[in-house]
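A.B. asks: Can you read through this structure? Questions will come right after.
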Amino acid sequence: MEKISQPLLTFLLNAVWQVALISLVATLTATILRGATARVRHRLWVVALGLCVCMPAFVALRSLSSLPAPDNQAPTQSRIIVSAAEVTTSSAQLPKRPLSSIPIGGSLAAAAAGLYLGFLIVRAIRLAYAWRQARSIIASASTVDSLEPMAFVVARCREALAVPEVRVLSSPQVHVPMTFGSVDPVIVVPERLLHERDVDVLTAAIGHEFVHVSRGDYARNLIYELIYLPISFHPAAALIRRRIRETRELSCDEMVADRLLDARVYARSIVELVREAMAGARPIVTVGIADADILEVRVMELLRMTDLTVRRTRLWMIVAAILLAVPCVAAGTYGFRFNIKPAPAAFVQQTERREPKMSEAQLREQREIKERAERDPQFRAELEERQRHLALELEARDKEQAELARVAKISMDQAIQTALTQQPGKVIECNLVGEHWEAPGKLAADGEVFYHVVVFFTGDDAKPVRLHILVNAIDGNIMRSFTEEPLRFKTRINEGFARTSH
């Protein structure tokens, strides 16, 4: 669960401040670019929307890659050595600006991640419902007959904008013209326009929708809605989304005024059309002439339109890219992540018993080792080689333990009960041991697998005695026992752990 909760919450945490920053920078940049065309400003806001998702997503991926790998099988002493070596050898590989960690409980992290996922599901359902609503409008629409002057206006717009064949339908459910689809685009007009005799009004309505088709605005709008989905909780993201809609309509107005109608005539026509649009809502996945409630702004933009050369347009785009990119890239080097602590208190206590806190002398020794490794490359190479050697040793030991667990037929509890039947007392140690190995993880043909049980009891002379009992792990019989561990047996036990060094 941590691998899901941590990146989600890290994304949310960084989106809170990064989306606000990007929105502020984009607003300042758009203010500076007031003299540029609406198309340049539209691209500015589209890039800002993409950055609002990419920047926190990048930090979330960094936090996911920094999750520690589980290590529950290594002994206590080995784990401490590996940890010290990793601190020493990887100090030069750490990023210059590591993510700042914020502690959070595992239950709270899971609940927050669940709420966010639920929010995304609700938003996705709303988007799907809007898409179905748009499809129902198309299904109920009827074909427009070749009525004049509608047929003349459609032919004129298609020729002026170089748009391929587009179906034009009418529906009583819409109040202004709307565009649906991208592969097979459809323009749906209200029934009242079929009887409109003013050619300029018809040209403004149909021409605006043909511009949407030529620009592919339906598909782009759907993509923008999907990008907006994960950050739709943020008010600044809603502002960016609104600016995208506004500049899109302004871009279409510029294109219509440039190729079809005089700017003043077109401004008067859209006032008549948008006035009718106030009577009803529309699905969010459509594009149309009344998408943005900025009628006054659109009229003012049309009246102050100026001709910009291609060179000046490209210059404005470069300026906008620099103004938006520099602060955003600088902010992208910083980030925060949640440090989830999923372990319950009982597990933490057990871990602390297994890994006691290091003393001041041990901590001082580690600091000295780290400082020496930073100064002495040869010493650092020796530590790296020691770490690699230890990893191979632990891997071989894990293979042997896995093989012993596979071969053993009785459990450790059964072996302890068998040992206590020979000598009652307190069991202070029990290990699964193997002798005669062909290779790490592979027993020889004459190999033996047994439990080494150490029983502590008081002897006849009231002196404490340790009895070592070897219980066969295959059939459960006692192989032998002795009160003092022979040197040969002790050597065999040690050989089993030291074999990986050869």
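A.B. asks: For the structure I just gave you, tell me whether L390 is crowded, with 17+ Cβ neighbours inside 10 Å and closer than 21 Å to G441 by Cα. Write out each step before concluding.
C.D. replies: Details: crowded, with 17+ Cβ neighbours inside 10 Å: yes; closer than 21 Å to G441 by Cα: yes.
Yes; evaluated as a whole, the condition is true for this residue.
A.B. asks: Same structure, new question: Going through segment 199-252 one residue at a time, which ones are of a type in the set (A, V, I, L, M), touching a Cys at 6+ places or on another chain (Cβ under 9 Å) and either within 30 Å of E159 (Cβ to Cβ) or surrounded by fewer than 20 Cβ atoms within 10 Å (Cβ to Cβ) (or both)?
C.D. replies: I206, V211, I227
A.B. asks: For the structure I just gave you, tell me whether F210 is assigned to a loop (DSSP other than H, G, I, E, B), within 42 Å of the chain's Cα centre (by Cα) and either within 24 Å of I270 (Cβ to Cβ) or touching a residue at least 40 places away in the same chain (Cβ under 8 Å) (or both).
C.D. replies: Working: assigned to a loop (DSSP other than H, G, I, E, B): no; within 42 Å of the chain's Cα centre (by Cα): yes; either within 24 Å of I270 (Cβ to Cβ) or touching a residue at least 40 places away in the same chain (Cβ under 8 Å) (or both): yes.
Answer is no for this residue.
A.B. asks: Sticking with this one: Looking at segment 176-205 only, could you name the residues that are within 11 Å of V166 (Cα to Cα) and part of a helix (DSSP H, G or I)? Full working, then the answer.
C.D. replies: Residues of segment 176-205 within 11 Å of V166 (Cα to Cα): 179-188.
Matches in segment 176-205: none.
A.B. asks: Do you know which of the residues in segment 417-443 that are without any contact (Cβ under 8 Å) to a residue 24 or more places away in the chain and surrounded by 11 or more Cβ atoms within 10 Å (Cβ to Cβ) is farthest from Q401 (Cα to Cα)?
C.D. replies: Applying the first criterion (without any contact (Cβ under 8 Å) to a residue 24 or more places away in the chain) to segment 417-443 yields 417, 421, 431, 436, 438-439.
Restricting the remaining residues to those that are surrounded by 11 or more Cβ atoms within 10 Å (Cβ to Cβ) gives 417, 431, 436, 439.
Numbers: Q417: 22, N431: 10, H436: 14, A439: 13 Å.
Filtering segment 417-443 for residues that are without any contact (Cβ under 8 Å) to a residue 24 or more places away in the chain and surrounded by 11 or more Cβ atoms within 10 Å (Cβ to Cβ), the one farthest from Q401 (Cα to Cα) comes out as Q417.
A.B. asks: How about segment 396-409: which of its residues are touching a residue at least 24 places away in the same chain (Cβ under 8 Å) and either crowded, with 17+ Cβ neighbours inside 10 Å or not aliphatic (A, V, I, L, M) (or both)?
C.D. replies: Of segment 396-409, the ones touching a residue at least 24 places away in the same chain (Cβ under 8 Å) are 396-405, 407-409.
Those that are touching a residue at least 24 places away in the same chain (Cβ under 8 Å) and either crowded, with 17+ Cβ neighbours inside 10 Å or not aliphatic (A, V, I, L, M) (or both): A396, R397, D398, K399, E400, Q401, E403, L404, A408, K409.
A.B. asks: For residues in segment 49-76 being farther than 14 Å from I231 by Cα and β-branched (V, I, T), which is modelled with the highest pLDDT?
C.D. replies: Step by step, filter segment 49-76, then rank; the result is V59.
A.B. asks: Now, a different point. Looking at the structure I just gave you, is V176 modelled with pLDDT under 85 and under 21 Å from R298 (Cα atoms)?
C.D. replies: Working: modelled with pLDDT under 85: yes; under 21 Å from R298 (Cα atoms): yes.
Considered against the rule, which asks whether it is modelled with pLDDT under 85 and under 21 Å from R298 (Cα atoms), V176 comes out as yes.
A.B. asks: Looking only at segment 242-249, decide whether some residue is in a helix (DSSP H, G or I), among the hydrophobic types (A, V, I, L, M, F, W, C) and in contact (Cβ under 8 Å) with a residue 12 or more places away in the chain.
C.D. replies: Pass one, segment 242-249, residues in a helix (DSSP H, G or I): 242-249.
Then drop every residue that is not among the hydrophobic types (A, V, I, L, M, F, W, C), which leaves 244.
Then drop every residue that is not in contact (Cβ under 8 Å) with a residue 12 or more places away in the chain, which leaves 244.
The answer is yes, given that some residue of segment 242-249 is in a helix (DSSP H, G or I), among the hydrophobic types (A, V, I, L, M, F, W, C) and in contact (Cβ under 8 Å) with a residue 12 or more places away in the chain.
The values are calculated or read from the model by the stated rules, or taken from the named source; none is laboratory data. A quick note: this is a predicted structure, and the numbers were derived from the prediction, not measured. Positions of Cβ are backbone-derived with ideal geometry, glycine not excepted, and every protein chain shown enters the neighbour counts.
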